[in-house]
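Nothing in this text is a laboratory measurement; each read-out follows from the coordinates by a stated rule. Only a predicted model underlies this, so the values are computations on that prediction, with no experimental measurement involved. Here the Cβ positions follow ideal geometry from the backbone for every residue, glycine too, while neighbour counts run over all protein chains shown.
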Amino acid sequence: MQPAARYAAAIEVLDAWRDGAPVEQALTRWARGARYAGSKDRAAVRDHVYDVLRRKGSCEAVGGPAGRGLILGLARLQGLALDEIFSGIGHAPDPLDEAEREAERDVDAPPLDPALNVPDWTLPLLAPRAPDALADLLETFAHRAPLWLRVNLRRGTREAAARALAEDGLVTQPHSEVATALEVTEGARRLRQASSYLAGLVEPQDLSVQAAMQRVAWPDDGRILDYCAGGGGKALAIADRTRAQVFAHDALPQRMADLEPRATRADVRITPLTSDQLHARGPFDLVLTDVPCSGSGTWRRDPEAKWRLSPQALEELVKTQASILEEAADLVAPRGRLVYMTCSLFEAENEAQIAAFLARHPGWQAGASHCDTPLTASDGFFAAELHPL
Ligand SMILES: C[S@@+](CC[C@H](N)C(=O)[O-])C[C@H]1O[C@@H](n2cnc3c(N)ncnc32)[C@H](O)[C@@H]1O
């Protein structure tokens with residue numbers, strides 16, 4: 001596909017998204033109907049769509065609200081040659097009309113407010129997380145997140161992983177404080193074919209998550225339960241760090257479908273448990289609850305999430321989180337611990353959730369807690385420890 005035709009495809013996908021289709025579904029539908037599109041074309045179209053979703057408010061301000069306006073806005077923000085994209089040649093978008101040309105303005109002056117790129121109602125929720133640097137925090141949401149890998153130290157050292165990745169064309173940088181973390185600075189798209197990934201030496205996992213996993217003192221024996229295991233990213237990281245028995249559970253067990261092959265690849269053992277088995281196999285020395293949340297810490301990775309979220313949905317999430325804490329607390333051994341995690345920046349899902357739990361459970365105490373933001377790590381991520389007195 002010509003570069004301009006990829007922008008035309010992105011317009012089509014964005015219009016489908018505006019009509020209510022989830023973005024990944026809209027991309028898949030377009031790709032199915034575009035058999036001429038190769039993998040590079042599909043990746044480029046996806047990048048254009050995600051670039052718009054990260055900066056939708058700004059694109060709209062300098063382009064327009066529909067798919068065509070959003071891509072026009074993106075092209076203006078990126079300083080691209082508009083006539084090369086909107087050429088009307090072949091499968092390129094139609095040339096700009098007079099009104100679209102007149103709307104042209106210098107997008108650098110005045111600078112576009114980064115607050116345009118998150119829903120208004122979330123601004124007061126984000127502000128306390130970066131009291132002196134809200135604009136900087138909002139600006140991070142406008143850009144792609146870097147790719148971080150977790151080295152599975154059972155499979156090899158971080159240096160060996162970096163060398164193996166380099167042989168497959170991925171350039172990486174180790175993090176100075178998080179011992180498992182490598183940032184991919186070149187060649188990220190080659191990861192899924194890289195031998196080190198296929199052999200289980202590395203797994204994609206954000207820096208903020210790896211830092212949180214490093215802060216917890218995981219018991220080295222006994223039993224650990226990942227109560228909201230999902231695809232198992234945290235369970236795998238725990239199993240790599242400890243000799244304790246690791247169990248995984250999820251209210252939707254089908255979400256754990258890939259856990260067994262992933263554990264085999266990583267050379268670790270994780271035992272899945274159904275809800276019915278939990279009490280018989282418990283209590284546990286540590287229960288991790290990586291709860292469903294707004295994902296506001298990961299909005300540059302998943303920018304659609306910020307436009308999908310509503311105050312009502314957030315309220316529901318807070319209720320679900322509180323009830324998960326109740327269920328999980330019931331499974332903690334008398335001298336055990338509960339670790340609560342979210343990828344949210346909102347106090348309601350983090351500190352306030354912990355405070356509400358403590359108010360309901362005077363027999364419990366809070367341990368350490370920490371919240372990273374995209375300004376201090378890669379994503380925003382919160383973790384807090386709780387234990388019975
Ligand atoms: C944030 S995701 C977990 C991600 C996972 N820990 C990882 O690292 O890949 C939250 C998970 O909680 C699960 N969940 C939702 N309600 C639950 C409940 N009441 N009990 C257990 N799991 C629940 C969801 O099905 C979802 O898979």
dims of the range 128-252, Cα set, principal axes, largest to smallest, nearest Å -> 44, 44, 31
So, over other residues within a Cβ distance under 13 Å of Gln193, counting Lys, Arg +1 and Asp, Glu -1, the net charge is +1
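Let me have the relative contact order for the range 3-112, percent, based on Cα pairs under 8 Å that are six or more residues apart.
30 percent
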Looking only at lysines whose Cα falls under 25 Å of Lys56's and that sit 8 or more positions away or on another chain, we get Lys40, Lys306
So the pair-distance distribution of the range 168-320, from every Cα-Cα distance in 10 Å bins, comes to percents of 10, 33, 37, 19, 2
When the chain is treated as a Gaussian network with springs between alpha carbons less than 10 Å apart, the largest mean-square fluctuation among Asp276, Asp47, Asp302 is found at Asp276
Here the percent of antiparallel bridges among DSSP beta bridges lying wholly in the chain, to the nearest 5, is 60 percent
For the range 1-70, listing chymotrypsin sites (Phe, Trp or Tyr not before Pro) in a DSSP loop whose Cβ sees at most 13 other Cβ atoms within 10 Å gives Tyr36
Here the Kirkwood hydrodynamic radius of the range 22-75, Cα-based and in Å, equals 11.6 Å
Relative contact order in percent for the chain (Cα pairs under 8 Å, 6+ apart) equals 13 percent
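Based only on other Cβ atoms within 10 Å, what is the fewest-to-most ordering of Leu389, Leu80?
Leu389, Leu80
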By the Cα gyration tensor axes a ≥ b ≥ c (a/c under 1.5 gives rounded; else a/b larger than b/c gives prolate, otherwise oblate), the shape of the range 3-112 is prolate
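Add -39500 (n - 2.57) for each DSSP H run of 4 or more in the chain, then divide by its residues: what number comes out at 222 nm, to the nearest 500 deg cm²/dmol? Walk me through the intermediate numbers first.
On the way: 18 runs with 159 residues, N = 389.
That comes out to -11500 deg cm²/dmol.
Net charge near Leu125, counting Lys/Arg +1 and Asp/Glu -1 over other residues with Cβ under 10 Å of its Cβ?
Details: positive: Arg129; negative: Glu347, Glu349.
Neighbour charge sum, excluding Leu125 itself: -1.
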Total charge of the residues flanking Gln205 in space, meaning their Cβ is under 11 Å from its Cβ, with Lys and Arg +1 and Asp and Glu -1, is -2
Straight-line reach check, Lys319, cutoff 12 Å on alpha carbons, 8 or more apart in-chain or any other chain, hits among aspartates and glutamates -> Glu349
In a Gaussian network model of the chain with springs linking alpha carbons closer than 10 Å, the residue among Gln205, Gln193, Gln353 that fluctuates most is Gln193
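Give a quick list of GluC sites (Glu not before Pro) in the range 165-263 that DSSP marks as loop, anything other than H, G, I, E or B, with at most 16 other Cβ atoms within 10 Å. It would help to have the intermediate numbers written out before the result.
Working: sites: Glu167, Glu177, Glu183, Glu186; in loops: Glu177.
Answer by residue number: Glu177.
For the range 170-250, what is the percent of antiparallel DSSP beta bridges, rounded to the nearest 5?
On the way: 4 of 8 bridges.
Among the beta bridges of the range 170-250, antiparallel pairing accounts for roughly 50 percent.
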Out of Phe141, Phe284, Phe86, a Gaussian network model of the chain with alpha-carbon springs under 10 Å gives the largest mean-square fluctuation to Phe86
With no solvent term and unit scatterers on the alpha-carbon positions of the chain, Debye gives log₁₀ I(q)/I(0) at q = 0.14 Å⁻¹ of -1.29
